[in-house]
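Below is one structure, written out as structure tokens; the observations come after it.
The values are calculated or read from the model by the stated rules, or taken from the named source; none is laboratory data. Worth saying up front: this structure is predicted, and the values here are computed from it rather than measured. Glycine gets a Cβ as well: all are built from the backbone with ideal geometry, and neighbour counts include every protein chain shown.
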């Protein structure tokens, strides 16, 4: 079941959902709009290796925006820091963003109960497009969880993306055993 606007507001009042900064105008009928932060990153090496720690170069979006180009993976982050204690958050791109040919995530649209951080976006574009810090980029949708959660994401020792940061975080696939 997806939370409605009134259910999201109720969860915020109980601290089961935290959104910082919060703006009531960003609350939709059953979602909350999030925005692109000024932080972007790109992988340094041309070939990314799933078994090694691939380093990224961080940069800021200038006031006049930055042009994203096809064929490159851009890591961005949401301006908003979020926490969820009782719900499963899903991040989807806004339709206006999709109509510009921008995908905001390759596979990681679902968060976990207990996720507490800015969202890292895996941005790709179909053609060159200029983006701006602060532009609406996606919407968070919250689902109710059936049953009790034994160990939430923030409490897992194996959680790879727990360190709070406003900057996008590169893949930590290399920490897995395979």
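Structure above, values below:
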| item | result |
| --- | --- |
| Index of the failed condition, residue 4 passing every other in (1) within 17 Å of residue 142 (Cα to Cα); (2) crowded, with 16+ Cβ neighbours inside 10 Å; (3) more than 18 Å from the chain's Cα centre (by Cα) | (2) |
| Selection from the stretch 73-109 of residues that are more than 17 Å from the chain's Cα centre (by Cα) and modelled with pLDDT under 95 | 86 |
| Test: residue in the stretch 7-17 that is in a strand (DSSP E or B), touching a helix residue (DSSP H, G or I) at 6+ places or on another chain (Cβ under 7 Å) and surrounded by 15 or more Cβ atoms within 10 Å (Cβ to Cβ) | yes |
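Yes or no, residue by residue, for (1) surrounded by fewer than 13 Cβ atoms within 10 Å (Cβ to Cβ); (2) closer than 20 Å to residue 43 by Cα; (3) out of contact with any helix residue (DSSP H, G or I) (no Cβ under 8 Å at 6 or more places or on another chain):
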residue	(1), (2), (3)
117	no, no, yes
126	yes, yes, yes
137	no, no, no
146	yes, no, yes
149	no, no, yes
160	no, yes, no
172	yes, yes, yes
